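Working notes, structure below.
The values are calculated or read from the model by the stated rules, or taken from the named source; none is laboratory data. Nothing here was measured: the structure is a model prediction, and the numbers come from that model. Cβ placement follows ideal geometry from the backbone for every residue including glycine, while neighbour counts extend to all protein chains displayed. When the accessible area is computed, the model is the full protein with side chains, heavy atoms only, and any ligands, DNA or RNA have been set aside. Shrake-Rupley method; radii C 1.70, N 1.55, O 1.52, S 1.80 Å.
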Amino acid sequence: MPRDPEIHAPESQDPDDRLIASSSLNSRSPWRDPEKQVPYGIVLLAAAQLKWSPAAVLARLGELGYADVQRPEGPMPDAVEPDDTPLLQSVESKWGVKPVDVDTTLSLRQIVESAAREERSPADVARRMTAYGYRVGTGARPLPETANPRDIGLIRTNIRGAWLDWDDEAPAQHVLTVAQELSCSPLVAAERLVELGVRLPYTPEPGDERILRIRDAAPHSWIGPWGAPPVGHIIAVARETGRTQADVVDRLRALGTQRPDGNVPETAEADDLVLLSENLDGRAPWLWKNTVVGLQVHHILRAAQITGRSPASVRERLTELGHWLHDNANLPETVDQADIDLLATVTRSYLDDVHLDNVLRSASLTGRSPADVAARLTALGYRLPDEVTYPETRGALR
């Protein structure tokens, strides 16, 4: 049977009485049930709206027949600041008026989300809520005195609405995840989480900034929770910081990254960074291990040309560092600029067939005849399955 919205309507027509008696503090039905407890937060919110003291609201509730009113453990405040009323609303409620429960310790989410929503610091919110009789579980560490809109994202553990609370330990991978989501440094994220009272499995250090950042790749490029640190990055960090490569690897693991993307050598050789850089300039972006088609012969030949090594020596060193050359590839004994130029035009891997259109494209870009291109690609190990008679005539060089 539908509930009669007027069943608990106050007899008094006084606007203040009707506001106090309304469930949503809007002077309209539905009305508050006198047989149910009135939350303490309702007392504070009504006091703010009416500009009364909480004690006066409490007394009037009793006169209107609301005998069961929730109270704080300590004394009630003399007044409620209007700017504080948003802090008294539970962040878990999206509709209606649901005040914060005074009988439970305030969650970290309640403090952080209220602070972010009102552009106030967590410490300020905690002080105000304590003044109104609420308990805040901050532990021994004082909360931050600065406002930070990222705080909500820092303590959210998944999109379904799970949150870190006081003294929870956040996994190292959580720090890397939220840093990516919020486009900030993992060190900044880690330090802020500690300030908010969250524990970490490691102590943040200033050096973490360099260890986790892949420089030159982008203005803010950090290794994520599923990122395998490139070997070139590890060697570069060790050289810049004076730490051992083993120490860098250990710290990366402590910070939540995956295992290195390759084999980290005990002793780095002078030209390792050149071999491991995609642009062969000793800097990021670093060469990632391709587990499907392996190294490009083009990269090996260019590396040999720049370092003065033989192609076989380059291949051997890169193999030691965790990379590999596909079995179909035929590596030349010496470096030929014509091979480098030709391979720069090839878009097929050693797992792919090279068809007529691919040969004609390479011939056009290099100025070689299709027959010459086809013969050289075959010698380098590429598969040309089409039964085609390639012309010996050179095309126009583009």
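How many residues are outside any loop (DSSP other than H, G, I, E, B) and either within 18 Å of residue 24 (Cα to Cα) or of a type outside the set (S, T, N, Q) (or both) when one looks only at the stretch 121-137?
Just the residues of the stretch 121-137 that are outside any loop (DSSP other than H, G, I, E, B), to begin with: 122-131, 136.
Next cut, either within 18 Å of residue 24 (Cα to Cα) or of a type outside the set (S, T, N, Q) (or both) only: 122-129, 131, 136.
Count: 10.
So for the stretch 67-82 (the condition being assigned to a helix (DSSP H, G or I), open to solvent by 50 Å² or more (accessible area, probe 1.4 Å) and at pLDDT below 95), does at least one residue qualify? Steps first, answer last, please.
Quick first cut of the stretch 67-82, residues assigned to a helix (DSSP H, G or I) only: 82.
Now drop any that are not open to solvent by 50 Å² or more (accessible area, probe 1.4 Å), which leaves 82.
With at pLDDT below 95 added as a condition, the list becomes 82.
Yes: the stretch 67-82 contains one or more residues that are assigned to a helix (DSSP H, G or I), open to solvent by 50 Å² or more (accessible area, probe 1.4 Å) and at pLDDT below 95.
Taking helices (runs of 4 or more DSSP H) that do not extend beyond the stretch 313-398, which have at least 1 residues that are among the basic types (Lys, Arg)? Step through it out loud before you land on a result.
Working: elements: 337-343, 356-366, 370-379.
Correct list: 356-366, 370-379.
Can you pull out every residue in the stretch 85-120 that is touching a helix residue (DSSP H, G or I) at 6+ places or on another chain (Cβ under 6 Å) and part of a loop (DSSP other than H, G, I, E, B)?
91, 100, 102
Scanning the stretch 224-268 for residues that are among the acidic types (Asp, Glu) and under 18 Å from residue 321 (Cβ atoms), which turns out surrounded by the fewest Cβ atoms within 10 Å (Cβ to Cβ)? Give the derivation first.
First, pick out the residues of the stretch 224-268 that are among the acidic types (Asp, Glu): 240, 247, 250, 261, 266.
Of the ones still in play, those that are also under 18 Å from residue 321 (Cβ atoms) are 261, 266.
Numbers: 261: 22, 266: 8.
Ranking the candidates gives 266 first.
Looking at 205, 119, 209, which one is more than 30 Å from residue 285 (Cβ to Cβ) and surrounded by fewer than 15 Cβ atoms within 10 Å (Cβ to Cβ)?
Working: 205 fails: more than 30 Å from residue 285 (Cβ to Cβ); 209 fails: more than 30 Å from residue 285 (Cβ to Cβ).
Among 205, 119, 209, only 119 is more than 30 Å from residue 285 (Cβ to Cβ) and surrounded by fewer than 15 Cβ atoms within 10 Å (Cβ to Cβ).
Return the pairs, sorted by first residue and then second, in which the second residue is open to solvent by 90 Å² or more (accessible area, probe 1.4 Å), the first residue lies in the stretch 140-152 and is free of Cβ contacts under 8 Å to residues at least 60 places away in the same chain, the beta carbons are less than 7 Å apart, and the residues are 6+ apart or on different chains.
Within 7 Å, the pairs are 147/119.
Do we find a residue being open to solvent by 60 Å² or more (accessible area, probe 1.4 Å) and in a loop (DSSP other than H, G, I, E, B) anywhere in the stretch 54-62? Please lay out each step first, then the result.
Within the stretch 54-62, the subset open to solvent by 60 Å² or more (accessible area, probe 1.4 Å) is 60.
From what is left, the residues that are in a loop (DSSP other than H, G, I, E, B) are none.
Among the residues of the stretch 54-62, not one is open to solvent by 60 Å² or more (accessible area, probe 1.4 Å) and in a loop (DSSP other than H, G, I, E, B), which makes the answer no.
Taking the stretch 19-32 on its own, how many of its residues are in contact with a Phe, Trp or Tyr (Cβ under 9 Å, 6 or more places away or on another chain) and either in contact (Cβ under 8 Å) with a residue 24 or more places away in the chain or open to solvent by 40 Å² or more (accessible area, probe 1.4 Å) (or both)? Steps first, please.
Let us first name the residues in the stretch 19-32 that are in contact with a Phe, Trp or Tyr (Cβ under 9 Å, 6 or more places away or on another chain), namely 20-23, 32.
After this cut, where a residue has to be either in contact (Cβ under 8 Å) with a residue 24 or more places away in the chain or open to solvent by 40 Å² or more (accessible area, probe 1.4 Å) (or both) as well, the list is 20-21, 23, 32.
Matching residues across the stretch 19-32 total 4.
Yes/no matrix, rows are residues, columns are (1) within 16 Å of the chain's Cα centre (by Cα); (2) of a type in the set (A, V, I, L, M, F, W, C); (3) modelled with pLDDT under 95; (4) surrounded by fewer than 14 Cβ atoms within 10 Å (Cβ to Cβ):
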{"site": "125", "(1), (2), (3), (4)": "no, yes, no, no"}
{"site": "129", "(1), (2), (3), (4)": "no, yes, no, no"}
{"site": "137", "(1), (2), (3), (4)": "no, no, yes, no"}
{"site": "142", "(1), (2), (3), (4)": "no, no, yes, yes"}
{"site": "145", "(1), (2), (3), (4)": "no, no, no, yes"}
{"site": "149", "(1), (2), (3), (4)": "yes, no, yes, yes"}
{"site": "157", "(1), (2), (3), (4)": "yes, no, yes, no"}
{"site": "162", "(1), (2), (3), (4)": "yes, yes, yes, yes"}
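Considering the stretch 33-53 alone, what residues qualify as being outside any helix (DSSP H, G or I) and crowded, with 20+ Cβ neighbours inside 10 Å?
The first filter runs over the stretch 33-53 and keeps only residues outside any helix (DSSP H, G or I), leaving 33-39, 51-53.
Within the stretch 33-53, 38, 39 meet the criteria.
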